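J.: Sharing a structure here in structure tokens format.
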Amino acid sequence: MEHRELASKIIELVGGKDNIIGAAHCATRLRMVLKDESKANISELEKLEDVKGVFSNTGQFQIIIGQGLVNKVYKEFVKIADIKEASTSDLKKDAMQKMNPVQRLARILSNIFVPIIPAIVASGLLMGLLGMFKTFNLVNPESGLFIMVDMFSNAAFVFLPILVAFSAAKEFGANPFLAATLGGILIHPSLQNAWTLGGGIEKTINVFGLNVAMVGYQGTVLPILIAVWILGIVERNIRKIVPEVLDILLTPFLTIMITGFISLTVIGPFGRLLGEGISFVLNFTYNSIGMFAGLIFGGLYSTIVITGIHHSFHAIEAELIKNVGANLLLPIWSMANVAQGGAAFAVYFKTKNAKMKSISLPAATSCLLGITEAAIFGVNLRLGKPFIAAAIGGALGGAYVVATKVAMTAVGVTGIPGTAIVQTSSMLNYIIGMFIAFFGAFVATYIMGFEEKQEI
């Protein structure tokens, strides 16, 4: 189908140009924010020759077209719809206005943590490699090289509050450099290391009659998130009352003084207590009900993905790494993702529909790399029963990795790439878990079957 013809058909089937608030595109998908998504004719959109899938997620109506083609269709789309070209970040702002409070919170956390995942993954990978080298006596832990690489491996976690602060400032409308300064205050060398607590003795200082704990917040997430949110509010309100001629001097000074004091006396202790509480509950659940936790979490994770709330889990996982020493949740999420691939792979072998075959195989492959949208929305959820089968595979794999205490050292990477951040002692069981999840979903899909759609 010609690019202009396809764009015109899409506009017609989403309810006309008057129903389109904004549109953007990523590498493979045309993304839209619609006034009324009920006006979109999904079944007819899916029948279009170059459309590989249609789904709605976190306020965005998304059409999978494919790499290389989507940008050409998009150019014609904006001309016909008579709208301005927009970036995906612009579209996210439009989409957030349509979300409920829970979805909005999840999206904010996603926007904060996704940009810093590469740094955390790099550190996690280095930690894993160092652990492996140390376990197999491949390097002397007292050597200069080991000490240097060890510094590289934990830097992102030690200075995590600064990374989170800089990223969060963009979401909370604060000055990113003031936010980074606030993050630096919370991990200042004058404060005791949050992990060691100075050998168990917590130092305090007296400020205006208050006993302030001199404990740093290295590796923490919740305290700095709350602090930067407050910083944004304080900065905006100070700017309203300070004369413009004094703005450059007084606004940063007063903002840091006020939020720094509040952060060390109130926000920090509260955030640390909250983070430790969440970690305790998750760790207690993990250890007390064991494989049943993996069974439940692994089975439900893909359903959570549909809501978009899963993006907020990065903050919880980071707190687990800080308070427990390992990411106990990510292996379960990985099993659920791999299971979606197993179900989509079974669809490839079982379906007689040529278009579904062309979609299901690459979708299944991408799940093994941790990318599940194409399989969930383009194949499994679309056919119904394969999605249920994937939940079964995810539950089985999740139960196994919990039963065998599989743990990871970072966040954000699942499937085969996830082996880079799996603890060395867990590697074999992680791989076995992936096999269980993948083939469990594959067999379940084959047994349950699915209703064929003649036109997809």
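J.: Does at least one position in the range 378-398 carry a residue that is in contact with a helix residue (DSSP H, G or I) (Cβ under 8 Å, 6 or more places away or on another chain), buried (at least 16 other Cβ atoms within 10 Å of the Cβ) and not in a helix (DSSP H, G or I)?
T.: No, the range 378-398 contains no residue that is in contact with a helix residue (DSSP H, G or I) (Cβ under 8 Å, 6 or more places away or on another chain), buried (at least 16 other Cβ atoms within 10 Å of the Cβ) and not in a helix (DSSP H, G or I).
J.: While we're looking at this one, here's another question. Starting from the range 359-379, take each residue that is touching a residue at least 24 places away in the same chain (Cβ under 8 Å) and within 11 Å of Gly415 (Cβ to Cβ) and list its partners that are open to solvent by less than 30 Å² (accessible area, probe 1.4 Å) and assigned to a loop (DSSP other than H, G, I, E, B), counting only C-beta distances under 7 angstrom and pairs at least six apart or across chains.
T.: Hits for this filter: Cys367/Gly415; Leu368/Gly415; Leu369/Gly415; Gly370/Val413; Gly370/Thr414; Gly370/Gly415.
J.: I'd like to verify a number: residues in the range 270-305 that are closer than 11 Å to Ile332 by Cβ and either open to solvent by less than 40 Å² (accessible area, probe 1.4 Å) or outside any helix (DSSP H, G or I) (or both), how many?
T.: So the count comes out to 6.
J.: Would you check which residues across the range 201-235 are touching a Pro at 6+ places or on another chain (Cβ under 6 Å) and in a helix (DSSP H, G or I) and list them?
T.: Correct list: Ile224 only.
J.: Also, I was wondering about something else. Is it fair to say Thr404 is polar (S, T, N, Q) and either closer than 26 Å to Ser288 by Cβ or open to solvent by 10 Å² or more (accessible area, probe 1.4 Å) (or both)?
T.: Taking the combined requirement at face value, the residue satisfies it.
J.: Let me ask something else about it. May I ask you to list the residues in the range 399-431 that are more than 22 Å from the chain's Cα centre (by Cα), assigned to a helix (DSSP H, G or I) and either closer than 25 Å to Ile63 by Cα or of a type in the set (Ser, Thr, Tyr) (or both)?
T.: Of everything in the range 399-431, those that are more than 22 Å from the chain's Cα centre (by Cα), assigned to a helix (DSSP H, G or I) and either closer than 25 Å to Ile63 by Cα or of a type in the set (Ser, Thr, Tyr) (or both) turn out to be Tyr400, Thr424, Ser425, Ser426.
J.: In this structure, does Phe261 turn out to be open to solvent by 30 Å² or more (accessible area, probe 1.4 Å), within 17 Å of Thr204 (Cβ to Cβ) and at pLDDT 90 or above?
T.: So Phe261 fits the description; yes.
J.: Restricting to the range 381-395, name every residue that is in contact (Cβ under 8 Å) with a residue 60 or more places away in the chain and not basic (Lys, Arg).
T.: Scanning the range 381-395 gives Leu381, Leu383, Gly384, Pro386, Phe387, Ile388, Ala390, Ala391, Ile392, Gly394, Ala395.
J.: Taking the range 225-245 as the search range and keeping residues that are buried (at least 17 other Cβ atoms within 10 Å of the Cβ) and of a type in the set (A, V, I, L, M), which one is nearest to Ile116 (Cα to Cα)?
T.: Leu225
J.: Related question: Here is a list of conditions, (1) modelled with pLDDT of 70 or more; (2) farther than 30 Å from Gly59 by Cβ, and Gly128 meets all of them except one; can you say which number that is?
T.: (1)
J.: While we're on this one: Can you spot a residue in the range 313-331 that is more than 18 Å from Phe113 (Cβ to Cβ) and at pLDDT 90 or above?
T.: yes
J.: Looking at the structure I just gave you, is Asp18 acidic (Asp, Glu) and either more than 28 Å from Ala344 (Cα to Cα) or part of a strand (DSSP E or B) (or both)?
T.: So Asp18 passes the test.
J.: Select from the range 362-377 the residues that are assigned to a helix (DSSP H, G or I) and of a type outside the set (Gly, Ala, Ser) and write down the one among them that is surrounded by the most Cβ atoms within 10 Å (Cβ to Cβ).
T.: It comes out as Cys367.
J.: Looking at the range 171-185, I want the residues that are within 17 Å of Phe261 (Cβ to Cβ) and without any contact (Cβ under 8 Å) to a residue 60 or more places away in the chain and have a partner that is assigned to a helix (DSSP H, G or I) and among the aromatic types (Phe, Trp, Tyr) with Cβ atoms under 9 Å, at least 6 apart or on another chain. Which pairs are those?
T.: Taking only residues 6 or more apart or on different chains, the pairs are Ala179/Phe166; Ala179/Phe172; Gly183/Phe166.
J.: Would you check if Leu13 is buried (at least 18 other Cβ atoms within 10 Å of the Cβ) and on the phi < 0 side of the Ramachandran plot?
T.: yes
Here is a yes/no grid of residues against (1) closer than 22 Å to Ser123 by Cα; (2) more than 22 Å from the chain's Cα centre (by Cα); (3) modelled with pLDDT of 85 or more; (4) assigned to a helix (DSSP H, G or I):
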site	(1), (2), (3), (4)
Asn154	yes, no, no, yes
Ile162	yes, no, yes, yes
Ala169	no, no, yes, yes
Leu178	no, yes, yes, yes
Leu182	no, yes, yes, yes
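J.: Out of everything in the range 341-354 that is open to solvent by 40 Å² or more (accessible area, probe 1.4 Å) and assigned to a helix (DSSP H, G or I), what residue ends up being modelled with the lowest pLDDT?
T.: Checking each candidate, the answer is Ala354.
J.: Next question. Please enumerate the residues belonging to the range 23-53 that are open to solvent by less than 60 Å² (accessible area, probe 1.4 Å), within 20 Å of Arg4 (Cβ to Cβ) and not in a loop (DSSP other than H, G, I, E, B).
T.: Scanning the range 23-53 gives Ala23, Ala24, Arg29, Leu30, Arg31, Met32, Leu45.
J.: Among the residues of the range 56-73, are any in a helix (DSSP H, G or I) and surrounded by 20 or more Cβ atoms within 10 Å (Cβ to Cβ)?
T.: Yes, the range 56-73 contains a residue that is in a helix (DSSP H, G or I) and surrounded by 20 or more Cβ atoms within 10 Å (Cβ to Cβ).
J.: For the range 407-427, how many residues meet the condition of being open to solvent by less than 30 Å² (accessible area, probe 1.4 Å) and β-branched (Val, Ile, Thr)?
T.: Residues flagged as open to solvent by less than 30 Å² (accessible area, probe 1.4 Å) and β-branched (Val, Ile, Thr) within the range 407-427 amount to 6.
J.: Considering only the range 181-194, how many residues are open to solvent by less than 40 Å² (accessible area, probe 1.4 Å) and within 15 Å of Phe157 (Cα to Cα)?
T.: Result for the range 181-194: 5.
J.: Test Ile248 against the stated conditions and say whether it is surrounded by fewer than 20 Cβ atoms within 10 Å (Cβ to Cβ) and in a helix (DSSP H, G or I).
T.: Yes.
The values are calculated or read from the model by the stated rules, or taken from the named source; none is laboratory data. Being a predicted model, the structure only gives us computed values, none of them experimental. Neighbour counts run over all protein chains shown; Cβ positions are idealised from the backbone, glycine included. Surface areas here come from the heavy atoms of the whole protein model, side chains and all, with no ligands, DNA or RNA. Shrake-Rupley method; radii C 1.70, N 1.55, O 1.52, S 1.80 Å.
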